[in-house]
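To start, the structure under review is shown below, and the notes come after it.
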Amino acid sequence: MWLNLLLIAFLGFMIYYWGSVQGLFSAFLHLLATIVAGAWALVLWEPLTLGYLMNRFAEYAWAAGLLGPFTLFLILFRAVLDKLVPGNVHFSVWVNASAGGFLGLLSGILTAGILLIGLNFLPLPDDFLGWQPMVMSPNGQAQPNTAGLWIDADR
């Protein structure tokens, strides 16, 4: 339950920040940066993890191999976009709040999803903040938990 509340709070912050503070155009640029950073992080995830990180700290290698590049690429792409497009496009308050908030929601869901994938690979308790992505079936096989998060960012 706690992870559900944290996820709702994070997505609410993303909707407010990109919709009310930054606006539609900045939210669009951030969504592009999030998509590109996530794509590159997923492309480099396995080669980086198996080729370099697994030999150094195997317990955290899969999580670090995804979350590290995602964070670095997101910061890098966002900084490059801010330098290439220094100004902002001005829309009405309603357009910024609605469309910018929606784009902020999308980038928040993508960011939360990649974070949750990375958390799956950390040596955490089975029930982390009330979130248990996998459960054991009666026949002893692991299967996805149908009573997961309220927002399916982890699917």
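Annotations for the structure displayed:
- Only residues that are among the aliphatic types (A, V, I, L, M) and out of contact with any helix residue (DSSP H, G or I) (no Cβ under 6 Å at 6 or more places or on another chain) were counted in segment 20-63, giving 8.
- Test: residue in segment 49-62 that is of a type in the set (A, V, I, L, M), open to solvent by 70 Å² or more (accessible area, probe 1.4 Å) and part of a helix (DSSP H, G or I): yes
- Taking (1) under 24 Å from residue 20 (Cβ atoms); (2) open to solvent by 70 Å² or more (accessible area, probe 1.4 Å); (3) in contact (Cβ under 8 Å) with a residue 24 or more places away in the chain in turn, residue 78 satisfies each apart from (2).
- Some residue of segment 8-27 being touching a residue at least 40 places away in the same chain (Cβ under 8 Å), open to solvent by 80 Å² or more (accessible area, probe 1.4 Å), hydroxyl-bearing (Ser, Thr, Tyr) and not in a helix (DSSP H, G or I): no
- Look at segment 94-121: where a residue is more than 10 Å from residue 15 (Cα to Cα) and a partner is among the hydroxyl-bearing types (Ser, Thr, Tyr) and in a helix (DSSP H, G or I), sitting 6+ places away or on another chain with Cβ atoms under 7 Å, you get 110/34; 111/34.
- Boolean, residue 107 is open to solvent by 60 Å² or more (accessible area, probe 1.4 Å), assigned to a helix (DSSP H, G or I) and among the hydroxyl-bearing types (Ser, Thr, Tyr): no
- Residue match in segment 83-99 (condition: crowded, with 18+ Cβ neighbours inside 10 Å, more than 20 Å from the chain's Cα centre (by Cα) and either farther than 24 Å from residue 41 by Cα or aliphatic (A, V, I, L, M) (or both)): yes
The values are calculated or read from the model by the stated rules, or taken from the named source; none is laboratory data. These numbers were taken from a predicted model, which means no experiment stands behind them. Reconstructed Cβ throughout: ideal geometry from the backbone, glycine too, with neighbour counts over all protein chains shown. To get the accessible areas, we keep the full protein, side chains included, count just its heavy atoms, and leave off ligands, DNA and RNA. Shrake-Rupley method; radii C 1.70, N 1.55, O 1.52, S 1.80 Å.
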